[in-house]
Amino acid sequence: IDGLRVDAVASMLYLDYSREPGEWVPNRFGGRENIEAIDFLRHLNKSANSVSADAITIAEESTAWPGVSRPVWTGGLGFSFKWNMGWMNDTLRYMSRDPIYRRHHHSDLTFGSLYAFSENFVLPLSHDEVVHGKRSLLGRMPGDRWRQFANLRAYYGFMWGHPGKKLLFMGGEIAQVREWDHDSSLDWRLLEDPMHKGVQDFVRDLNHVYKTCPALHQRDCEPDGFQWIVGDDRDNSVLAFARFDLGRKNIIIVICNFTPIPRYDYRIGAPRVGFWREIVNSDWEKYGGSNVGNSPGLSTESIQSHGFDCALCVTCPPLSTIMFEWTPD
């Protein structure tokens, strides 16, 4: 066992959780906090850490309780991570919309950056999101079949580029069509379809890039590891941001285009002069895309843009996420 994920922590922390007035008794200070539950959770996390420094505990906590993933000695609950329920709800709501309407809901993608470092977050696309009539992740994507798959790959690319650890429930990696059913196996036969196999290959390659690029994982929980480049282009539904490792030796630029319209000659600022290699493109043909892109990469132009001294002139494929890695000379 690597660790523990604790469900419904909010129902433990609050005496009045899902209770009407008169159905709960205040604590000894007259408040609604469950003091005994708080003490228990802190003891649990200290005990897990004492067994193994590598053990992790994760809280599924849906409120704004402060310090869920902060150390006990600072007044926190001591969990290693907290599920980012807000990010999940906002981004899934955005992705379920037809691209023509996304310009009006751009903040669903950007709002999460305002609190992304208030806790050590996990970005969850969990079991709760693929049951009880919610449909599978693929089933939530709008458009025809090609656009559904393109949307899903673009969403995964955005998720892997965004600060926070990644959690993808079983079946998401093969773009399961139906909801999850605990009484039956996953539909592995779907991998005979190149589009489903393309999603599996894309998730595999995202995991490889995430593991091998320190900028994408070293500072997941630190604000200095993230910088917006383009956060306000709602008219084109385009986002761009940079990720940095501890020494700023490894730098990744992530660009998302959440419309089916390719964006040619799209200029963005670059944090460093030089050659930027395209290492991820959800629209590559091998994943089922249209193979629009910037392979093998781009060199910076001496043009100031977005607060930087140099820029990249990028082709943004339709319904895509692309990533560039700065390559030293």
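At a Förster distance of 25 Å, what's the computed FRET efficiency of K286 paired with L114, Cβ-Cβ distance as r, to 0.05? It would help to have the intermediate numbers written out before the result.
On the way: r = 36 Å, r/R0 = 1.44.
The formula returns an efficiency of 0.10 here.
Scanning residues 5 or more positions from L4 or on other chains, those with amide H under 5 Å from its amide H are I56, T57, I58, with H placed 1.01 Å from N in the peptide plane. Applied to region 132-145, the Karplus parametrisation 6.51 cos²θ - 1.76 cosθ + 1.60 on θ = phi - 60° returns per-residue 3J(HN,Hα) values of 6, x, 6, 6, 6, 4, 4, x, 7, 6, x, x, 6, 4 Hz, with x for Gly and Pro. Angle between the Cα long axis of helix 85-95 and the longest principal axis of the chain, 0 to 90 degrees, nearest 10? It is inclined by approximately 40 degrees. Taking all Cα pairs closer than 8 Å and separated by 6 or more residues, the relative contact order of region 192-277 comes to 21 percent. Each Cα pair under 8 Å and six or more residues apart adds its sequence gap; the mean of these over the residue count of region 1-48 is a relative contact order of 30 percent.
Entry note, the chain: the mean residue ellipticity at 222 nm calculated from DSSP H runs of n ≥ 4, each adding -39500 (n - 2.57), is -7500 deg cm²/dmol after division by the residues and rounding to the nearest 500. Angle of helix 194-212 to the longest C-alpha principal axis of the chain, folded into 0 to 90 degrees and rounded to 10: 70°. Remark: relative contact order (the chain) = 13 percent; criterion is Cα-Cα distance under 8 angstrom and separation of 6 or more residues. Taking label points 7 Å from Cα along the Cα-to-Cβ direction, H43 and R147 give a separation of 5.6 nm. For L167, the residues whose modelled amide H falls within less than 5 Å of its own, excluding neighbours fewer than 5 places apart on the same chain, are L123, L125. Residue by residue, region 278-291 carries 3J(HN,Hα) couplings of 6, 9, 9, 8, 5, 9, 4, 4, 5, 9, x, x, 8, 6 Hz when phi is fed to the Karplus relation 6.51 cos²θ - 1.76 cosθ + 1.60 (θ = phi - 60°); x denotes Gly or Pro. Phi angles across region 3-14 convert, under the Karplus curve 6.51 cos²θ - 1.76 cosθ + 1.60 with θ = phi - 60°, into 3J(HN,Hα) values of x, 10, 10, 9, 7, 6, 4, 4, 5, 8, 6, 10 Hz, Gly and Pro given as x. Annotation: amide H of I229 within the under-5 Å range of A240, F241, A242, sequence separation 5 or more or interchain, hydrogens built in the peptide plane. Here Rg/Rh (Cα atoms, Kirkwood Rh) was calculated from the structure, and among [x] 1.20; [y] 1.00; [z] 0.98 it sits at label [y]. Spacing of the modelled spin labels on K211 and E20, each 7 Å from Cα toward Cβ, amounts to 5.4 nm.
Laboratory data are not the source of any read-out in this text; all were calculated from the coordinates shown. This structure is a prediction, so every number in the text was calculated from the model and none was measured. Because the Cβ atoms are built from the backbone with ideal geometry, glycine has one as well, and the counts that use them run over all protein chains shown.
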